[in-house]
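K.L.:
Submitted below is the structure of interest, expressed as structure tokens.
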Amino acid sequence: MTGIQRISYVAPDQVDDDMRAELERCARYGTPRPESQSVRAHVPAVFWSFANSWQAVFRDGVCDHTIKELCRVYVSRTVKCEYCGNQRSVQASAQGLTEGKYDELLNFETSGAYDERQKAALAYAEAITWRLDPDDAFWERLSRHFSEPELVELGYFIALTMGQQSWLRLLNIEHHQVLAGDSGSMAPGFETPAALAASTARDDYWAKR
């Protein structure tokens, strides 16, 4: 990630106690990490709108969290948001989602890494992100694997993370710049500033492919 940062961070000592506590939670557990929330903190209503929505439809909700995490990172790879794509959900890891599940997201249909439910969800993410015009068979496929409430939540979540990631990628923000020292939710190889720099310099770094 290169370029001039386009919108400044609001420092943690410039916000109220509740916002500071949420930023500290972001540093410890991530998704979101504190840098993106420190940008949103310019407008407290935006800060809390995102924090509350993320809690309700990503960490909580009616659809599997691991499914939503795969869709989140699919969007990262698609819109090339390095800031978001170098994060991993601690909650999803605790539920058994392994790093290998992230490797073939852009080729999910032909990959053996995903089951049919995961592939259907990723096809939903693909259709939303790329503005596809799917046929009846697409919807029949989704209905085999998901209830209507799950499809509502999943569609809303995909649209939410797509919009946010499409915006964040423009800002040139980076990890380990706000409340540095905690590595909550960072992907393997990105846990510290030095590790992040080394990983992004590799020829096989995902954003260079």
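The values are calculated or read from the model by the stated rules, or taken from the named source; none is laboratory data. What you see is a predicted model; the values in this text were computed from it and never measured. Heads up, the Cβs are rebuilt from the backbone with ideal geometry, glycines too, and the neighbour counts pull from every protein chain shown.
K.L.:
So, in the stretch 1-32, exactly how many residues are farther than 27 Å from Cys71 by Cβ and either touching a helix residue (DSSP H, G or I) at 6+ places or on another chain (Cβ under 6 Å) or surrounded by 19 or more Cβ atoms within 10 Å (Cβ to Cβ) (or both)?
P.N.:
Of the residues in the stretch 1-32, 5 are farther than 27 Å from Cys71 by Cβ and either touching a helix residue (DSSP H, G or I) at 6+ places or on another chain (Cβ under 6 Å) or surrounded by 19 or more Cβ atoms within 10 Å (Cβ to Cβ) (or both).
K.L.:
Moving on. Search the stretch 152-162 for residues being buried (at least 19 other Cβ atoms within 10 Å of the Cβ) and not polar (S, T, N, Q), and hand back the single one that is nearest to Cys81 (Cα to Cα).
P.N.:
Per the stated criteria, the residue is Met162.
K.L.:
Taking into account only those residues within the stretch 43-96 that are of a type in the set (D, E, K, R) and more than 13 Å from the chain's Cα centre (by Cα), which is nearest to Leu154 (Cα to Cα)? It would help to see each step written out before you state the result.
P.N.:
Let us first name the residues in the stretch 43-96 that are of a type in the set (D, E, K, R), namely 59-60, 64, 68-69, 72, 77, 80, 82, 88.
This time we only want the ones that are more than 13 Å from the chain's Cα centre (by Cα), so: 60, 64.
Details: Asp60: 12, Asp64: 9 Å.
Per the stated criteria, the residue is Asp64.
K.L.:
Can you confirm whether Glu148 is under 22 Å from Val57 (Cα atoms), of a type in the set (Asp, Glu) and crowded, with 20+ Cβ neighbours inside 10 Å?
P.N.:
For Glu148, the condition - under 22 Å from Val57 (Cα atoms), of a type in the set (Asp, Glu) and crowded, with 20+ Cβ neighbours inside 10 Å - is not met.
K.L.:
Go through the residues of the stretch 41-62 one by one and say whether even a single one is farther than 25 Å from His175 by Cα, in contact (Cβ under 8 Å) with a residue 24 or more places away in the chain and out of contact with any Phe, Trp or Tyr (no Cβ under 8 Å at 6 or more places or on another chain). So that I can check it myself, show each step before the final result.
P.N.:
Taking the stretch 41-62 as the starting set, the residues that turn out to be farther than 25 Å from His175 by Cα are 61-62.
After this cut, where a residue has to be in contact (Cβ under 8 Å) with a residue 24 or more places away in the chain as well, the list is 61-62.
Still in the list and also out of contact with any Phe, Trp or Tyr (no Cβ under 8 Å at 6 or more places or on another chain): 62.
The answer is yes, given that some residue of the stretch 41-62 is farther than 25 Å from His175 by Cα, in contact (Cβ under 8 Å) with a residue 24 or more places away in the chain and out of contact with any Phe, Trp or Tyr (no Cβ under 8 Å at 6 or more places or on another chain).
K.L.:
Here's another thing I want to ask about it. Which of the residues belonging to the stretch 133-171 are among the aliphatic types (A, V, I, L, M) and touching a helix residue (DSSP H, G or I) at 6+ places or on another chain (Cβ under 7 Å)?
P.N.:
Of everything in the stretch 133-171, those that are among the aliphatic types (A, V, I, L, M) and touching a helix residue (DSSP H, G or I) at 6+ places or on another chain (Cβ under 7 Å) turn out to be Leu142, Leu151, Leu154, Ile158, Ala159, Leu160, Met162, Leu168, Leu171.
K.L.:
Hey, among Val46, Val57, Val90, which residue is surrounded by 15 or more Cβ atoms within 10 Å (Cβ to Cβ), closer than 18 Å to Met162 by Cβ and of a type in the set (A, V, I, L, M, F, W, C)?
P.N.:
Matching residue, one of Val46, Val57, Val90: Val57.
K.L.:
Taking the stretch 183-209, which residues are loosely packed, with under 15 Cβ neighbours inside 10 Å, touching a residue at least 24 places away in the same chain (Cβ under 8 Å) and of a type in the set (A, V, I, L, M)? Please lay out each step first, then the result.
P.N.:
Looking only at the stretch 183-209, we keep the residues that are loosely packed, with under 15 Cβ neighbours inside 10 Å, and these are 188, 193-194, 197-198, 201-205, 207-209.
In the following step, the residues that additionally are touching a residue at least 24 places away in the same chain (Cβ under 8 Å) were identified as 188, 207.
Answer for the stretch 183-209, where residues must be loosely packed, with under 15 Cβ neighbours inside 10 Å, touching a residue at least 24 places away in the same chain (Cβ under 8 Å) and of a type in the set (A, V, I, L, M): just Ala207.
K.L.:
In the set Trp139, Trp130, which member is modelled with pLDDT of 95 or more, of a type in the set (A, V, I, L, M, F, W, C) and over 30 Å from Glu35 (Cβ atoms)?
P.N.:
Numbers: Trp130 fails: over 30 Å from Glu35 (Cβ atoms).
Residue meeting the stated conditions: Trp139.
K.L.:
I'd like the full set of residues that are over 23 Å from Tyr83 (Cβ atoms) and in contact (Cβ under 8 Å) with a residue 40 or more places away in the chain, limited to the stretch 128-146.
P.N.:
Within the stretch 128-146, just Phe146 meets the criteria.
K.L.:
Based on this model, can you work out whether Gly112 counts as among the small types (Gly, Ala, Ser) and either crowded, with 16+ Cβ neighbours inside 10 Å or under 16 Å from the mean Cα position of the chain (by Cα) (or both)?
P.N.:
Numbers: among the small types (Gly, Ala, Ser): yes; either crowded, with 16+ Cβ neighbours inside 10 Å or under 16 Å from the mean Cα position of the chain (by Cα) (or both): no.
Criteria not met by Gly112.
K.L.:
Is it the case that Arg131 is surrounded by fewer than 14 Cβ atoms within 10 Å (Cβ to Cβ), part of a loop (DSSP other than H, G, I, E, B) and basic (Lys, Arg)?
P.N.:
yes
K.L.:
Now a separate question. What are the residues in the stretch 104-143 that are hydrophobic (A, V, I, L, M, F, W, C) and farther than 18 Å from Thr66 by Cα, if any?
P.N.:
The initial filter retains those residues of the stretch 104-143 that are hydrophobic (A, V, I, L, M, F, W, C), namely 105-106, 108, 113, 120-123, 125, 127-128, 130, 132, 137-139, 142.
The answer is Ala127, Ile128, Trp130, Leu132, Ala137, Phe138, Trp139.
K.L.:
Could you grab me the full set of residues in the stretch 163-182 that are without any contact (Cβ under 8 Å) to a residue 40 or more places away in the chain and crowded, with 17+ Cβ neighbours inside 10 Å?
P.N.:
Correct list: His176 only.
K.L.:
Would you check which residues across the stretch 14-71 are touching a strand residue (DSSP E or B) at 6+ places or on another chain (Cβ under 6 Å) and among the polar types (S, T, N, Q) and list them?
P.N.:
Within the stretch 14-71, just Thr31 meets the criteria.
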